[in-house]
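Engineer: Pasting a structure here, questions to come.
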Amino acid sequence: MGRIAEALKKAEQERLARPDVVAGRGIAPAETPMWPLAGSEAAEGDDAQSAPDPDAVVEGMSESLVAYYDRSSVLSEQYRALRTRLLSQNQHNEHRVLAITSSVPREGKTITAVNLAFTLAEVRHFNVLVVDADFRRSSLAKVLGLSSTPGLSDLLTNNATYPEVIQKTVVPNLQFIASGELNGHNATELLSAITTRSVFRWFESQYHFTIVDTPPATTVTDAGIIGQNCSGVIMVVRMHHTPEQLAKRAVRLLQVNNVPVVGGVLVGRGERGSGDEYRLNYCRYDNFHGAKGDRR
């Protein structure tokens, strides 16, 4: 992907050179894992919490949640690397509301959003919320095996309270808000309501990290509206799938709406036919600003 790939490769090399990554965790020293690795001192301590049983599939919850089901996999480590990069950008430990978007559908933004939320929830002292703000193609409730209503739409229309829409997940410090139903409302008008800012400020006040799944930035204006109420937006780009012009257009549309694009996640496999396993990598937006995308 041209300069984007070069920036991501450089970021990965820098990450691998860090002592905490060499130690085998990809977790910053300040992070305390919610589920210790088997055999570690933390895992053997009296206060340790039980790690998920990888063979026990949670009824209704998608097996694409590798951050829960397969915590020792390479992909799970890559999600932890993404978490570490995000924490390094937040040196003052401020509460963050981060929107996850893409330029076109089927780039992996929803799976990236929910796995990132699970990975953040591994940190013992974090309260994490994942929100489905994709009213048009909501899928987070199905991935998590939870109810799709009530949800965010009910909060924005004052038809439900926070306790009524917040759902528990299999992880104690990770909660979920579904998209809810539009019930005749227009999604763009709903997100533009006067209540939207206060709802997102409440998320920020209550949770260390709120991860918001949004529609693709080039298909509708929702991502731009949501992004204005967030600390920043992360763009998901799929290798050998995302056209360069659409990736650039997505970033420009967000910038026009004064939305801070804080970074990008490159997902997918290596060169065609290379046999490389699925992977993801993250770099700050200022590392690939103005870079060329993938040419299909």
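Read-outs: derived from the displayed coordinates by stated rules, not from any lab. Source: prediction; values computed, not measured. Using ideal geometry, Cβ is built from the backbone for each residue, glycine included, and neighbour counts are taken over all protein chains shown.
Engineer: Explain nothing, just compute: Karplus ³J(HN,Hα) = 6.51 cos²θ - 1.76 cosθ + 1.60, θ = phi - 60°, for every residue of the range 222-227 in order, whole Hz, x for Gly and Pro.
Structural biologist: With coefficients 6.51, -1.76 and 1.60, one gets 4, 4, x, 5, 5, x Hz.
Engineer: Same structure, new question: Identify the residues of the range 148-167 with backbone N under 15 Å of a label point that sits 7 angstrom from the Cα of Ile194 along the Cα-to-Cβ direction, or state none.
Structural biologist: In the range 148-167, the label zone of Ile194 (backbone N under 15 Å from the point 7 Å along Cα→Cβ) covers 156-158.
Engineer: Same structure again: So for each of 221-227, 168-174 I average, over its residues, the number of other beta carbons within 10 Å; can you give me the resulting order with the highest mean first? All intermediate terms of the calculation are to be shown ahead of the outcome.
Structural biologist: Values: 221-227: 23.6, 168-174: 17.7.
Answer by packing, highest mean first, reads 221-227, 168-174.
Engineer: Right, something else. Report the extension gain between Asn158 and Ser88 in nm, rounded to one decimal, defined as 0.36 nm multiplied by the number of residues separating them, less their alpha carbon distance. Display every interim value, and only then the final one.
Structural biologist: Working: separation 70, 0.36 × 70 = 25.20 nm, distance 3.65 nm.
So the chain would gain 21.6 nm between Asn158 and Ser88.
Engineer: Please give the FRET efficiency for Trp202 paired with Arg106, using the beta carbon to beta carbon distance and R0 = 41 Å, rounded to the nearest 0.05. Don't skip to the answer; put the middle values down first.
Structural biologist: On the way: r = 32 Å, r/R0 = 0.77.
Between Trp202 and Arg106 the formula returns 0.85.
Engineer: Under the classification rounded if a/c is under 1.5, otherwise prolate if a/b is larger than b/c and oblate if not, where does the range 81-126 fall, given a ≥ b ≥ c as square roots of the Cα gyration tensor eigenvalues?
Structural biologist: Details: a/c = 2.46, a/b = 1.75, b/c = 1.41.
Note, shape of the range 81-126 comes out prolate.
Engineer: In addition: Order these peptides, 104-114, 198-208, 87-97, by their mean beta-carbon neighbour count within 10 angstrom, highest first. Don't skip to the answer; put the middle values down first.
Structural biologist: Working: 104-114: 21.7, 198-208: 16.3, 87-97: 13.1.
Ranked by mean Cβ neighbours within 10 Å, highest first: 104-114, 198-208, 87-97.
Engineer: Bins of 5 Å, beginning at zero and ending with the bin holding the largest distance: percent of Cα pairs per bin for the range 141-227, please.
Structural biologist: For the range 141-227, the binned pair fractions read 3, 13, 24, 28, 21, 10, 2, 0 percent.
Engineer: Expressed as a whole percent, how much of the Cα-Cα distance distribution for the range 54-179 exceeds 24 Å?
Structural biologist: Tail of the P(r) past 24 Å holds 28 percent of the pairs.
Engineer: Expressed in nm to one decimal, what extension gain is obtained for the pair Val170 and Val74 from 0.36 nm per residue of sequence separation less their Cα-Cα distance?
Structural biologist: Working: separation 96, 0.36 × 96 = 34.56 nm, distance 2.22 nm.
Using 0.36 nm per residue and subtracting the Cα-Cα distance, I get 32.3 nm.
Engineer: Same structure again: Report the FRET efficiency, 1/(1 + (r/R0)^6), for Arg136 and Asn257, where r is their Cβ-Cβ distance and R0 is 25 Å, rounded to 0.05. The partial results should precede the final answer.
Structural biologist: Details: r = 18 Å, r/R0 = 0.73.
Rounded to the nearest 0.05, the efficiency is 0.85.
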